[in-house]
1. Out of (1) modelled with pLDDT of 90 or more; (2) surrounded by fewer than 19 Cβ atoms within 10 Å (Cβ to Cβ), what's the single condition that is false for M458?
2. Please verify whether F430 is under 18 Å from the mean Cα position of the chain (by Cα), over 19 Å from P189 (Cβ atoms) and open to solvent by 10 Å² or more (accessible area, probe 1.4 Å), treating the condition exactly as stated.
3. Show me the helices (runs of 4 or more DSSP H) entirely contained within segment 332-443 in which 2 or more residues are farther than 30 Å from Q314 by Cα and touching a strand residue (DSSP E or B) at 6+ places or on another chain (Cβ under 7 Å).
4. Provide a single number: the residues in segment 127-166 that are open to solvent by less than 10 Å² (accessible area, probe 1.4 Å) and closer than 30 Å to W186 by Cβ.
5. For K220, are the conditions met, namely being surrounded by fewer than 24 Cβ atoms within 10 Å (Cβ to Cβ), within 16 Å of A153 (Cα to Cα) and of a type in the set (K, R)?
6. Report whether or not T397 is open to solvent by less than 10 Å² (accessible area, probe 1.4 Å) and more than 17 Å from P290 (Cα to Cα).
7. Quick check on segment 351-368: of everything there that is β-branched (V, I, T) and within 20 Å of the chain's Cα centre (by Cα), which residue is nearest to V335 (Cα to Cα)?
Amino acid sequence: MVSTELNHHHNGLGKEVSGDGLASPSSNGDVVTVCVSPSTELPEETQAMLPGGAVQLETRLFPRRFAVLAVFSLYSLVNAFQWIQYSILASIFKDFYQVSNQDIDWLSVVYMVAYIPLIFPATWLLDTRGLRLTALLGSGLNCLGAWIKCASARPDLFPVTMFAQVVCSVAQVFILGLPSRVASVWFGPKEVSTACATAVLGNQLGTAIGFLLPPVLVPKSNETEVTSHNISVMFYGTAAVSTLLFVLTIAVFKEKPKIPPSQSQAVMQDSAAEQYSYKQSIINLFKNVPFVLLLISYGIMTGSFYSLSTLLNQMIIYHYENEEVNAGRIGLTLVVAGMVGSVICGVWLDYTKTYKQTTLIVYILSFIGMLVFTFTLNLNNLLIVFGTGGVLGFFMTGYLPLGFEFAVEITYPESEGTSSGLLNASAQIFGILFTLAQGRLITDYNPQAGNIFLCVWMFVGIILTALIKSDLRRHNVNSGITKSDVKSVPVDSPVEPAPSIQSSTQL
């Protein structure tokens with residue numbers, strides 16, 4: 001039997017849930033004790049059964065979770081769009097600002113550089129100050145960077161556009177680590193992987209639009225005034241959308257639902273917040289050998305994707321002169337195929353829970369796709385490049401949510417934000433190194449040399465992934481297979497106090 005104490009909210013079982021599912025203190029401060037026996041009939045989606053028929057802590061799903069996920073995905077989309085909008089127009093921005101290819105590359109690389117020193121303060125803020133504040137910082141800084149770019153549409157203002165990109169890159173630090181946290185805090189165990197994949201999908205869709213839209217908005221022109229006007233249109237449009245999404249973030253994004261969506265979240269929220277130590281959580285993660293192996297293999301795969309996305313324009317133009325628009329379309333094909341792969345992988349994980357097997361298979365297929373792309377790029381046939389790029393994107397980009405969810409499983413009950421943040425930091429480090437090394441190989445030799453470089457590293461990633469021991473801790477708790485004392489991050493917002501929960505479980 002489970003005895004649960006929480007602030008007075010009636011729903012027929014002694015609890016009342018407001019329509020938006022938000023935590024709110026009782027008006028009279030009364031406390032009621034709700035005793036739930038195994039015979040109590042509860043909705044199927046709100047209760048999980050332990051072996052033997054014992055009822056676990058109450059869980060419930062709220063409609064607001066879809067609004068939270070949608071808003072997050074959209075402002076993540078705009079941030080990714082701002083990352084890639086320079087690289088896909090590398091030759092145009094190079095001529096407009098009168099700078100080198102390396103300078104344009106740094107407009108993309110700065111996203112990776114900024115992430116590394118800021119990841120620890122960002123994850124600390126997420127764990128100690130909450131999900132809502134982190135979301136507001138990500139959306140707000142993204143909006144600010146977009147408006148600064150509007151003042152940089154002149155050939156002599158390259159430093160201004162670089163500063164604006166730095167602001168956007170700081171915003172990214174408060175965005176990339178949230179998909180797993182948003183999914184875990186708001187979604188149930190049967191939909192958490194799909195929700196994480198959808199959250200990652202927003203970022204991928206932003207990259208896809210970044211490949212497609214800029215070449216249309218800023219076509220190649222020999223007149224500086226025309227190019228300046230076209231760039232301004234792109235920048236002001238981005239700023240307007242960013243502003244709207246910032247307002248929606250303020251209105252929609254809340255800390256957490258009143259009642260946890262899953263048994264694993266209920267157990268974590270039931271733990272005493274004062275037991276949590278951010279420093280100890282970091283130490284625990286680096287002592288976790290399977291996580292360290294995943295950290296490196298994820299960094300290799302995602303860093304390869306970052307490098308490939310950044311240098312795609314240069315690779316296509318090297319073999320297909322004056323094909324900037326098609327370079328963007330190939331990038332779009334790569335990312336859209338990856339979006340489909342992400343959704344399929346997310347649904348597959350929710351259905352099978354085969355985290356290691358799926359991750360390893362997708363990694364191997366990504367490696368094969370990279371080999372095919374490498375050795376068909378110079379066949380002077382754009383249709384082949386579109387096809388191989390699509391296959392590569394399906395597996396390579398589809399891998400991203402797999403890494404997030406696998407990390408949460410093998411590191412539970414450590415913070416999803418911290419594990420995801422470290423994965424992203426690894427990806428940024430490898431992304432910087434790979435982009436600089438592959439860019440130099442393309443310049444000094446040819447695109448094939450740079451791509452072979454990535455293939456070698458991806459093969460190393462396959463070996464590391466195969467060595468990971470699959471210990472699905474979160475899934476075991478949700479399934480009632482294991483019960484253990486856990487120490488969790490504080491998830492309550494400092495400005496939105498949640499009802500206190502004290503539980504004791506007897507089997």
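The values are calculated or read from the model by the stated rules, or taken from the named source; none is laboratory data. Small disclaimer: the values here were computed from a predicted structure and weren't measured. Every residue, glycine as well, gets a Cβ built from its backbone with ideal geometry; the counts of neighbours run over all protein chains shown. Keep in mind that these areas ignore ligands, DNA and RNA; they rest on the heavy atoms of the full protein, side chains included. Shrake-Rupley method; radii C 1.70, N 1.55, O 1.52, S 1.80 Å.
1. (2)
2. Numbers: under 18 Å from the mean Cα position of the chain (by Cα): yes; over 19 Å from P189 (Cβ atoms): yes; open to solvent by 10 Å² or more (accessible area, probe 1.4 Å): yes.
Here the answer is yes, as F430 does meet what is asked.
3. Working: elements: 355-376, 382-396, 399-411.
In segment 332-443, no matching helices (runs of 4 or more DSSP H) lie anywhere.
4. Residues flagged as open to solvent by less than 10 Å² (accessible area, probe 1.4 Å) and closer than 30 Å to W186 by Cβ within segment 127-166 amount to 10.
5. Spelling it out, K220 is indeed surrounded by fewer than 24 Cβ atoms within 10 Å (Cβ to Cβ), within 16 Å of A153 (Cα to Cα) and of a type in the set (K, R).
6. Numbers: open to solvent by less than 10 Å² (accessible area, probe 1.4 Å): yes; more than 17 Å from P290 (Cα to Cα): yes.
Yes.
7. V362
Yes or no, residue by residue, for (1) part of a helix (DSSP H, G or I); (2) at pLDDT 85 or above; (3) in contact with a strand residue (DSSP E or B) (Cβ under 7 Å, 6 or more places away or on another chain); (4) of a type in the set (A, V, I, L, M, F, W, C):
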site: Y236; (1), (2), (3), (4): yes, yes, no, no
site: V241; (1), (2), (3), (4): yes, yes, no, yes
site: L244; (1), (2), (3), (4): yes, yes, no, yes
site: P260; (1), (2), (3), (4): no, no, no, no
site: K279; (1), (2), (3), (4): yes, no, no, no
site: L295; (1), (2), (3), (4): yes, yes, no, yes
site: G299; (1), (2), (3), (4): yes, yes, no, no
site: G303; (1), (2), (3), (4): yes, yes, no, no
site: S307; (1), (2), (3), (4): yes, yes, no, no
